[in-house]
Every structure is written in structure tokens, then in C-alpha cells.
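Notes follow the structure.
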Amino acid sequence: MKPVARKTLASLIAEQIRGEIVRGNLKASQRLPSEAELSAELNVGRPTLREALRILEGQGWVQIKFSTGVFVSDPENLADRMSSYYGKEGIRDLLDSELAQLLHEGKEIPASAKTELLLLLDGGKLREIEELIEKLQKLPSSPGFSYGEPTTLADIRSARQPAAQRPENRAKVPDLKDRIRGGLLGRCIGSLLGTPVNGWTANAIEQYLRAIDRYPLTGLMPYAPNEVARGQYSFLGAETESSPVHPRALLRGVDPEFAILNDTILSLKVMQLHGWDFSPDDVGGEWLSSLPYRATLTAERQAYGNLVRGISPPATATILNPFREWIGGTVRADFYGYVCPGDPAMASMLAFRDATVSHTKNGVYGAMFVASAIAAAFVAESAEEVVAAGMGQIPQRSRLWELLAQVVQWWKDGAEWQAVVARIEERCADYRRPHVLPNVARLAVGLLYGALDVRATICTTVMCGNDPDCNAGAAGSIVGVRAGVEGIPEDFRDAVGDRLTSAVLGFHETKISNVAEMAERIAVSRQGEGREPLPAVRETQRR
């Protein structure tokens, strides 16, 4: 017998709209009525309607265009229902990535299983492919795999360092709103500096900066048209802010896929609506209700597709999701550090709940590391203490902990940061660029060698390369909460300003200072082990 399909009101609404498209009553490229009009016509609440539209978007029937409306897709391009769930990556690419991920996790894959997967690609059904992958994921680790990487919070906490080695300090933090705002500014600044050279190696960044006599980096990434024009560099951005991919334009939400604070604001909304005891299901529900499909990438996009199909966390992180150890979870972790000043354990727990919607194992540990490091930075005296606090919340026998411990040792031994990055690249040669290991290791390099100085930390992290927008953004959050607004260099503050635009429903137009104020209210709502009601979310703009 097959499992009974879950039929929620949102899925029934989605089926009704899909039927109108199939019957031709809604034409390709036609704009659907406004959210208010559809809600009234269908006699459903707006949150239910939003979830239905997210389902349709995830399945490819409609496209939600930021601040413009919902448009019907061309039905002729929807014949392959399977690939519509998984974005631009084809199923073959997904399976190749899945096999690589299983090997990273220590699985011993029989040759017959690879052959079976290839046969399924030629004529198999999606469910058959999923069942085979699920069977492979349950294989025991090979005898030579020496790591211990648990997936439940209780097991993760049991696998941490002894309590005496985990620095924690829940002392009251003065000027909390200012410090949180400093973290938000730092996140934006790091992302602005790193975005133009995203995907570059440390060597490529050094060569580029030396060619224009700007090495080492000390401010915003300079745009050198002559160097870019030679075709040697792929520079994300342009000399004018009118370009939709210019880093400063991203702050204004020109492209929701790259809006810098989408994840942070979504975490804010989750906690406003669901409080301190929110669950992974609450996070997934807010994705469908508040986040456009286009605003997700890699692991989040795979998880989104699984949510659309009625799958619940933590299965959303593993079913056809080979990106489950990439860095998306770390980008979503900042807010949980902001609201837990001086309490890395609590911050890591909140980050765990969020990250398990789309990630597992080291992908989750990376999120826990970032949230813990931010929480610790409110009260820490040194970069080493911040890194130690992050490491203290993740399993001591994990691949991530081992690599971070090696980075710390290289730093203590007096190696130059460029040499440490070269060693990270060598150690992580088998991992793809967005994997959490090479990126969180680079974040640790930026923190240790930047010594918590705002400019030095962010710029060093950018020069480490790989995914500098994400890594330098996290570094900026960490040094920003320690420095506060006035401790951030004026040229950095001026580059960001206060206004921002996000793709998160209800927060399309807001200010960084407003987000900091709302985060402060959440932080102070926690008293001991009790919980006070949080302020209700207020939608600032509706579709």
C-alpha cells in the first residue's frame, strides 16, 4: 500500500489554481489577481494562500516576481515534473553530487548501486530513485571512517568537549541594541566586500589586487574595468550602483536571490511568530508562507521542494538533497547569536533547529559554530576565545571540529594566513567550493588573524577567497556585535547606511536599526528558563 497523500487546505487551493492553468483559463505570462483579491475570491486567509502560491512556484506552475506579482508559467515547459522541483540542477547532477556526499560521510557504495542509479535515470520514477538513495544513506560507515557525526541535538551535545573547555559567559551585555545593530552592519559590510569576488581563490584575489596596487585589501573591493575586460576575472558587480548585481544594489533587494539579510529577517519573523520554542516545522512553514522560491539556493532549494511535496523536517534535508553539508545553514545562523548574547549553548540550539530543515551533520555544525561564535563575541576578550566557543558546541570527533583545531594550531605555530589557506585548500581538495568545511575554516582564519579588529577581520576573510560573501558576512557579524556601531569604521558604515529591502513577506521595506530593535526585544524577553510573549509580527508591505 502507498502512503496516503497529505491534503492540506493550501495544497487544495494549489490544485484548484493549477487546474485553471491546465484548462487554459489562466494563460502563460498572465498575472494572477492580487493577494487580497484571491483571498476574498477563494474565501481563505492570506497565509494559506501564500503557502499555496509557494507550492505552485516550487512545482514550476507560477513565478513569483519580487514586488511585482504572481505570473503563470508556460505550461509547455512543465512536462518534466521531476526537474521542476530541483531548479537548474538536473537529476543526473544531483545523483552525482549525492554519491560524492555519501563518500564524504564515510559510506562504502557498492558498484552495483551506482549501476542501478544510472539505470533508474533512463526510465525510473522519482520515488524509485529516492528509495535507492535512502537505502544508500542507511549503509554503515566504512571501517576506515574514524569520525563521529551525530544528527540529534542530544547526541551532538554529548559529543562536545568537556564542559570545562567550553567558554560561556551569560553576563548582562550593555547597549544591546547598538551591539546587535553592529552585527547586522557587519554582516552587510562583509557581504558587500566579498560579493564581487565570490568564487575566486585566495591567489586570484591577491593577483587582482596586486595588479591594481591595492593589496592587501583595506576597504570595499575596487572595480578595475581594464583588468576585468581582459577576461581574466569574473567580477560580480559594476562601477555604477544602477547595475542590479552591484553589491550595494543587493542591499536594496534588486534581486531577492541575493538580498543580504533575507535569512536573518526570516529568522526574526520565525521567532516573532513562534517564540523561543519554535520547531523545524515552524521554520519550514515560514519558508512557504514568507519566502519566494527564487530566494533559495542549493540545499535550501532542495528542502523547499521537499516541503512543497508535503515532506517534513528533518527528511527535507536528506531526500534528493546532496547539498546538505554546504554553507547555507551558516548564513541563516546570525540571528540566533544576536538574541543569545553571551550564551553560545542557547544560540547553537536555536541554530540547530533552523539548520535541520535543509542540512545535516557538518552542515548543521557549521550553523551552530557561527551562532555560538556570535553569541560569545558579545563578551569575549579574544578571537581565540570566540573560535573556541564555536568549536565547543559541535562534536569533537567531527570533520569540521578536526579541521578547525588544525587551523588554530597552525595559527599558534606562527604560520602566515596565506599558508594556512593553502593548507585548507589541500585538505579540502575533494570538497566542492560551497561545502561547509573549507568555508568555516576560512572564517576561522579571518577571525584569528584579524584579532577581532573590524577592518582586518573582514578584509582578511574576503582575501581568503572561496565563498567570501558568506564567510566575510559571518566574520562581520562576529566583530560587529563586539564593536557596536561606533566601533565600525565610518567608511564601512557609510557604504551600508540604514535602509534595506528584503524578499521576506512583511519586511520588504525596513531599516537595519528597526531589525536591531526587534531583535533586542526578543533577546530581553528571555528570563531564566521562562518565556515571555514576543511582540507580534507587523507586516510593513503586502502583495
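The values are calculated or read from the model by the stated rules, or taken from the named source; none is laboratory data. Here the structure is a predicted model, which is why all the values come from computation and not from measurement. Cβ coordinates were reconstructed from backbone atoms using ideal geometry, including for glycine residues, and neighbour counts include every protein chain displayed. For the accessible areas, the whole protein counts, side chains as well, though only heavy atoms, and no ligand, DNA or RNA atoms are used. Shrake-Rupley method; radii C 1.70, N 1.55, O 1.52, S 1.80 Å.
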Practice item. Would you confirm whether any residue within the range 263-275 is at pLDDT below 90, assigned to a loop (DSSP other than H, G, I, E, B) and open to solvent by 10 Å² or more (accessible area, probe 1.4 Å)? Key: no
Review point. Given the residues Arg31, Arg18, which is the only one that is crowded, with 17+ Cβ neighbours inside 10 Å and charged (D, E, K, R)?
Key: Arg18
Check your understanding: Somewhere in the range 328-350, is a residue open to solvent by 20 Å² or more (accessible area, probe 1.4 Å), in contact with a Ser or Thr (Cβ under 7 Å, 6 or more places away or on another chain) and either part of a helix (DSSP H, G or I) or over 15 Å from Thr151 (Cα atoms) (or both)?
Key -> no
Point to revise | Every pair of residues 6+ apart whose Cβ atoms lie under 8 Å, when the first sits in the range 302-325 and is on the phi > 0 side of the Ramachandran plot while the second is surrounded by fewer than 22 Cβ atoms within 10 Å (Cβ to Cβ) and polar (S, T, N, Q) | key: Gly310/Thr8; Gly310/Ser11
Point to revise | Filter result (farther than 23 Å from Lys361 by Cα and not hydroxyl-bearing (Ser, Thr, Tyr)) within the range 98-112 | key: Ala111
Point to revise | Unmet criterion (only one of (1) under 30 Å from Val339 (Cα atoms); (2) modelled with pLDDT under 95) for Ser158 | key: (2)
Revision key, fill the gap. Among residues of the range 412-428 being of a type outside the set (A, V, I, L, M) and free of Cβ contacts under 8 Å to residues at least 12 places away in the same chain, the residue least open to solvent (accessible area, probe 1.4 Å) is Gly414
Point to revise | Count of residues meeting criterion [under 26 Å from Leu217 (Cα atoms) and open to solvent by less than 10 Å² (accessible area, probe 1.4 Å)] in the range 492-511 | key: 2
Review point. Can you tell me which residue in the range 3-26 is modelled with the lowest pLDDT, limited to those that are among the charged types (D, E, K, R) and farther than 12 Å from Val62 by Cβ?
Key: Arg6
Study note, to complete from the structure: When the range 276-313 is checked residue by residue, the ones that are surrounded by 20 or more Cβ atoms within 10 Å (Cβ to Cβ) and not in a helix (DSSP H, G or I) are Leu291, Pro292, Thr296, Pro313
Review point. Can you spot a residue in the range 66-75 that is modelled with pLDDT of 85 or more, out of contact with any Phe, Trp or Tyr (no Cβ under 8 Å at 6 or more places or on another chain), at positive phi and open to solvent by less than 40 Å² (accessible area, probe 1.4 Å)?
Key: yes
Revision key, fill the gap. Being at pLDDT below 95, part of a loop (DSSP other than H, G, I, E, B) and either small (Gly, Ala, Ser) or touching a His at 6+ places or on another chain (Cβ under 9 Å) (or both) narrows Ala113, Ala100, Ala164, Ala171 down to just Ala171
Review point. Looking at Ser289, Ser312, Ser348, which one is out of contact with any Gly (no Cβ under 9 Å at 6 or more places or on another chain) and among the polar types (S, T, N, Q)?
Key: Ser289
Review point. Within the range 373-389, restricting attention to residues that are assigned to a helix (DSSP H, G or I) and under 14 Å from Gly342 (Cβ atoms), which residue is most open to solvent (accessible area, probe 1.4 Å)?
Key: Glu385
Check your understanding: Pairs under 6 Å by beta carbon, first residue more than 19 Å from Lys412 (Cα to Cα) and modelled with pLDDT of 95 or more in the range 369-384, partner assigned to a helix (DSSP H, G or I) and open to solvent by 10 Å² or more (accessible area, probe 1.4 Å), six or more apart or different chains?
Key -> Val370/Thr330; Ala377/Arg482
Practice item. Provide a single number: the residues in the range 92-126 that are open to solvent by 30 Å² or more (accessible area, probe 1.4 Å) and either among the acidic types (Asp, Glu) or in contact with a Gly (Cβ under 6 Å, 6 or more places away or on another chain) (or both). Key: 5
